Amino acid sequence: MLNVLRHRRGAFSLIELVIVVLIIGILAAIAVPKMSRGAAAAADSALQSNLATIRSALELFQTEHAGVYPALADLDNALTQYSDAGATKYGAKDTAAGVIYGPYLRKVPPLPVGADRGKTSFIGSITAGNGWVYDATTGSIKANCPDAEVDARGVKYNTY
């Protein structure tokens, strides 16, 4: 009889296993939403950082080019390549030709949020399939996200 009791003590009862599974389920129900919010907050933070980086590059371009922002059609080249003082030539550094300004970014950062996540292109107004909305007259840059795309606080991404 002593062997039977010793053998029985080493196993868990069905009730003990159900209680353990229930506790794990409750902990998972609490933890998973918090982790999801953490990922969304990271994407929101990445958007703010990418916008700050592009805005700083645009301000430096404007400062070195007599107060003029690059044209929309030339924006990618203007930020990632060398340029002359008039922003008419882009490419490799060429001191003889005066192509000495920049580059201001190694590459255009991708849009980290919304339906067009991962896109790096520039457009003049919110249009699907592009990363950033740029206004060459004011130098403003914003996320290419429709008004319906908002962060966890309800703030529109295109207003960051």
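The values are calculated or read from the model by the stated rules, or taken from the named source; none is laboratory data. Note that this is a predicted model, so its numbers are computed, not measured. Here the Cβ positions follow ideal geometry from the backbone for every residue, glycine too, while neighbour counts run over all protein chains shown.
Things to note:
- One residue stands out in region 19-71 among those that are over 21 Å from CYS145 (Cα atoms) and charged (D, E, K, R): the one that is surrounded by the most Cβ atoms within 10 Å (Cβ to Cβ), namely GLU64.
- Set GLY124, GLY114: member being within 17 Å of LEU58 (Cβ to Cβ) and in contact with a helix residue (DSSP H, G or I) (Cβ under 7 Å, 6 or more places away or on another chain): GLY124
- Taking region 108-160 as the range and being touching a residue at least 40 places away in the same chain (Cβ under 8 Å) and on the phi > 0 side of the Ramachandran plot as the test, the residues that pass are GLY114, GLY139.
- Residues (buried (at least 18 other Cβ atoms within 10 Å of the Cβ), in a loop (DSSP other than H, G, I, E, B), out of contact with any Pro (no Cβ under 8 Å at 6 or more places or on another chain) and not charged (D, E, K, R)) located in region 115-131: ASN130
- Conditions (1) surrounded by 13 or more Cβ atoms within 10 Å (Cβ to Cβ); (2) farther than 15 Å from ALA43 by Cα; (3) out of contact with any strand residue (DSSP E or B) (no Cβ under 8 Å at 6 or more places or on another chain); number of the one not met by LYS107: (1)
- Only one entry in ALA92, ALA71, ALA96, ALA87 is in contact (Cβ under 8 Å) with a residue 60 or more places away in the chain and either more than 30 Å from SER45 (Cβ to Cβ) or of a type in the set (Phe, Trp, Tyr) (or both), namely ALA71.
- Residue list for region 132-146, filter: under 15 Å from LEU58 (Cβ atoms) and part of a loop (DSSP other than H, G, I, E, B): ALA136, THR137, THR138, GLY139
- Taking (1) in contact with a strand residue (DSSP E or B) (Cβ under 9 Å, 6 or more places away or on another chain); (2) at pLDDT 95 or above; (3) surrounded by fewer than 16 Cβ atoms within 10 Å (Cβ to Cβ) in turn, LYS142 satisfies each apart from (3).
- Only a single item in (1) within 12 Å of the chain's Cα centre (by Cα); (2) outside any loop (DSSP other than H, G, I, E, B) is not met by ALA78, and it is number (1).
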